[in-house]
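Scroll down for the structure; my scribbles are underneath it.
The values are calculated or read from the model by the stated rules, or taken from the named source; none is laboratory data. Predicted model, so just to flag it, every value in this text is computed and none were measured. Neighbour counts are summed over all protein chains in view; Cβ atoms, including those assigned to glycine, are modelled from backbone coordinates with ideal geometry.
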Amino acid sequence: MTAVAQALAGLKVLEFGGYAAGPHIGKVLANFGASTIHMESRERPDGFRIQYPPFKDNRHGYNRSGCFAFFNDSKYSVTVDLKKPAGVALARRMAQWCDLIVENMRAGVMERLGLGFPALAELNPRLVMLSTCNMGQTGPRADQPGFGSQLSALAGVCELTGVPDGPPMLLYGPYIDYIASLLGTSAALAGVIRSRRTGRGALIDLSQYECGLVFMGAALQDFFASGRVPTRCGNDDPLAVPHGAFPCRDQEWVALSCWSDADFAALAKAIGDETLAADARFAGAAARRANIEALEEVISAWTGQRSAEAAAVALQAAGVAAYPVVTMAGLYADPQLRARRQFRVRRHAEMGDHAYCYPGFDLAEAPGDIVGPAPCVGADNDFVFRDLIGLTQAEYDAYRQQGVFD
Amino acid sequence: MLLSDVLIIDATDRLGWLAGRVLADLGADVIKIETPGSDRSRADWRAFNVNKRILELDLQAPSDRARIEDLLRGADICLLTPSDSSAPLDPHALRSNYPRLVVVAIRPFGGVGPRSAWRASDIELMAAGGAMALAGEPDGIPVRVSEPQSYGWAGAQAAIGALVALSHRDVTGRGDLVDVSAQASVVTALSHAPAFVDLLGLEPTRAGAFMTGRSIKGARYRVFWPCRDGYINFIFYGGVSGRRTNEQLVRWMRECGAELGALAAIDWKVWDPTKADQSEVDAIEAPVAKFFARLSKREFLTEGHRREMLGYPVSTVADIAGDPQLEARGFFQAVAGVAERFCGSFAVIDGVRPPLRHAPGAPLAAVKSTQGEPAMAEPPRRAGSRP
């Protein structure tokens, strides 16, 4: 580990599972000082290590996955084969050490392994365990497997993304997993806070589907109150007009919106056509909406002559909400994100220097950090089992001889 | 309740509403400050301010200033969305005046940096955080989700920040100032897309109804397939679960007498989606498109579950409202005195979903007055995405 974060120093977190929804929780906690142990096995490592690009230099390898690295920085990695009874025994010992377990196995798997919450809580009554899976631990489809990219469709996000006469659209990757991981991080912390205050542990059952619906809360509320079923509407908004993305030079785009006549007058001034604000076709939101094609043509003619950056700067100077549609490369160059150190380079043992993503918040007095790079698989077995868990050398050797670390 | 002894003052606007809702769902007592006469009829206001108690205060009036100061002395967390330095509750002043208080300031671009004063609503935040660059047709316009998402990303991260700082205060006795950037919060939604630039110099872009980034040969996989009453989301995955799904789909198609085409010759035990090129992907997708076109969304959901397949229908809010899985888990909840249902608490704690305690608009001074006639006589106004 290369940096220090202290707000959650002393918090001990153990992860079972892989991909995004579980490990992202442990990453955020580790960014603020928690000791997070990511448990895998060499036979079945985290799926992000092997299934998803990008791989460093396009060469596969357990320790070459940028996808795994992105959600596992600042952690320790251990290998424990839970198919072996001794592996389960070791996991139970680790459960006595930790404050929080995060697992995203399919519902019921932890119980079948002998690692269900009731069994572990007997060993460690203050233990908080967060179980996160697609559908939650109960219900008629509790056993249904799934990935977040598809769950975003079931949760209504895809239906509401795209243009009205086109197909639904995907947001990149397992979008909903990160909603669940963020809400789950809050639930886990709340469990830990109560556990520390009262000595009482907690079992948190987190359905990624239900978490996704939290972000659809207003649309669902509207349906419950009025029966209205919203459909995808491109970039339109019921109130703001204009409201959309406009083409700029070099295939760039700028997003902008006007929420009042004053906003529109400011936009008109910024684009050098103050007569627009007095034009009867655009007088008031209703008129602007009725003549939106003509209005968007005028705005596009202006944006098309400049870079997205120049357009956004000019509009913001006039008080109009605007921002370039930032590309993935643009994220690293964005002046605001750079000022916040959103991406921080750390040196990985096999991938060398590369960038990790920081959470969207920070603490002024106890700031977090990317404490270290993502771990190579099993890289921390010695340190974790000997120094953190406290196995004797004889115990450690005995586990090794039984193939637990394979 | 996990946070039953935590008192929160929530003085946020749309950008921060979810933070208080999340913490209320975890058991905190959340007092939402509203200016007299504020609009509380919108669907989004009701969705994200249910489970809070409302206190009307004019923070410019001396008597109300005294009231909020009294509340802040006993509070653990104060949630703010300060629009500028003249905001009535200044984050830095609160930190000075209330050393134990955790102050959470949620802003479009955070409190530091050259663009911290820039204006933004949902669409600019989705653009600034990179999400729009990845949504839409490849040659078409970048799009946002029609339902605002950036406020959710900001609120979710703000709730974490509040609890990180609260946890630290339990050790040190000191609060902290949590600076939340909605733009930076949206970056989380991009998954690992930024890593392609960093590691390989590749720029992920909009893929429309397809998924890119999984094949080292650049093949794109269809994600959305027209079906009888809408769309199905299905992707050819690899790995153990992908293999099972692919095998089950072919078996299902065979049982139905569907044409298999190139699917018939595939050995799913060795097929690897990261190594497939576009012609191979096109060949296996063609017969599946014909098969899915005959199915309804509910048929796919039911049969897919029975066969343990990966994939889901593309749901509307009406589909979601009638989902038996959510019904069985009691996700949608009623609140005493209100006709409509609400999304319930997002987590089940110790086997119980914490019940919603307060109807939207329940006043601080009359917590038990929510019994009686439904408070909603008219449907709420459509929300829009105003910050």
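The test for being touching a strand residue (DSSP E or B) at 6+ places or on another chain (Cβ under 8 Å) and at the interface with another protein chain (Cβ under 7 Å from one of its Cβ atoms) holds for residue A:205. Once the range A:4-58 is narrowed to residues that are under 25 Å from residue B:201 (Cα atoms) and among the charged types (D, E, K, R), the residue that is surrounded by the most Cβ atoms within 10 Å (Cβ to Cβ) is A:27. The conditions of being aliphatic (A, V, I, L, M) and either more than 25 Å from residue B:164 (Cβ to Cβ) or surrounded by 22 or more Cβ atoms within 10 Å (Cβ to Cβ) (or both) are met by residue B:55. Are any residues in the range B:326-364 buried (at least 21 other Cβ atoms within 10 Å of the Cβ), among the charged types (D, E, K, R) and closer than 27 Å to residue A:202 by Cα, and if so, which ones? Those that are buried (at least 21 other Cβ atoms within 10 Å of the Cβ), among the charged types (D, E, K, R) and closer than 27 Å to residue A:202 by Cα: B:329, B:357. Within the range A:239-271, the set of residues being touching a residue at least 60 places away in the same chain (Cβ under 8 Å) and not small (Gly, Ala, Ser) comprises A:246, A:248, A:252, A:253, A:254, A:256, A:258, A:259.
Inside the range B:291-313, residues that are within 21 Å of residue A:208 (Cα to Cα) and among the hydrophobic types (A, V, I, L, M, F, W, C) make up a count of 4. Meeting the requirement of 2 or more residues that are crowded, with 20+ Cβ neighbours inside 10 Å, the helices (runs of 4 or more DSSP H) wholly within the range A:325-406 are A:328-333, A:335-339. Checking the stated criteria, residue B:225 turns out to be modelled with pLDDT of 95 or more and of a type outside the set (Ser, Thr, Tyr). The condition of being modelled with pLDDT of 95 or more and assigned to a strand (DSSP E or B) holds for only one of A:82, A:14, that being A:14. No other residue among B:289, B:293, B:276 is surrounded by 15 or more Cβ atoms within 10 Å (Cβ to Cβ) and either within 14 Å of chain A (Cβ to nearest Cβ) or under 21 Å from residue A:139 (Cβ atoms) (or both) apart from B:276. Based on what the data block shows, is residue A:181 hydroxyl-bearing (Ser, Thr, Tyr) and more than 7 Å from chain B (Cβ to nearest Cβ)? Considered against the rule, which asks whether it is hydroxyl-bearing (Ser, Thr, Tyr) and more than 7 Å from chain B (Cβ to nearest Cβ), residue A:181 comes out as yes. Taking the listed residues A:212, A:217, the one that is touching a Leu at 6+ places or on another chain (Cβ under 7 Å) and surrounded by 20 or more Cβ atoms within 10 Å (Cβ to Cβ) is A:212, with no other qualifying.
Anything in the range B:138-165 that is within 23 Å of residue A:172 (Cβ to Cβ), facing another protein chain (nearest Cβ under 7 Å), in contact (Cβ under 8 Å) with a residue 40 or more places away in the chain and out of contact with any helix residue (DSSP H, G or I) (no Cβ under 6 Å at 6 or more places or on another chain)? List them, or say none. B:149, the sole residue that qualifies. Selection over the range B:308-325 of residues that are crowded, with 16+ Cβ neighbours inside 10 Å and closer than 22 Å to residue B:263 by Cβ gives a count of 5.
The residue that is farthest from residue B:97 (Cα to Cα), counting only those in the range B:166-204 that are among the hydroxyl-bearing types (Ser, Thr, Tyr) and at the interface with chain A (Cβ under 7 Å from one of its Cβ atoms), is B:191.
Could you list, in sequence order, all residues of the range B:90-110 that are more than 8 Å from chain A (Cβ to nearest Cβ), part of a loop (DSSP other than H, G, I, E, B) and under 23 Å from the mean Cα position of the chain (by Cα)? Scanning the range B:90-110 gives a single hit, B:108.
Okay, residues lined up against (1) among the aliphatic types (A, V, I, L, M); (2) more than 14 Å from residue B:71 (Cβ to Cβ); (3) under 19 Å from the mean Cα position of the chain (by Cα); (4) away from chain A (no Cβ under 13 Å):
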| residue | (1), (2), (3), (4) |
| --- | --- |
| B:16 | no, yes, yes, no |
| B:24 | yes, yes, yes, no |
| B:27 | no, yes, no, no |
| B:31 | yes, no, no, yes |
| B:34 | no, no, no, yes |
| B:37 | no, yes, no, yes |
| B:42 | no, yes, yes, no |
| B:46 | no, yes, yes, no |
| B:57 | yes, no, no, yes |
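Entry remark, the range B:1-27: residues being under 25 Å from residue A:216 (Cβ atoms) and either touching an Asp or Glu at 6+ places or on another chain (Cβ under 8 Å) or of a type in the set (Ser, Thr, Tyr) (or both) number 7 in total. Scanning the range B:58-81 for residues that are part of a loop (DSSP other than H, G, I, E, B) and surrounded by 20 or more Cβ atoms within 10 Å (Cβ to Cβ) yields B:75, B:76, B:81.
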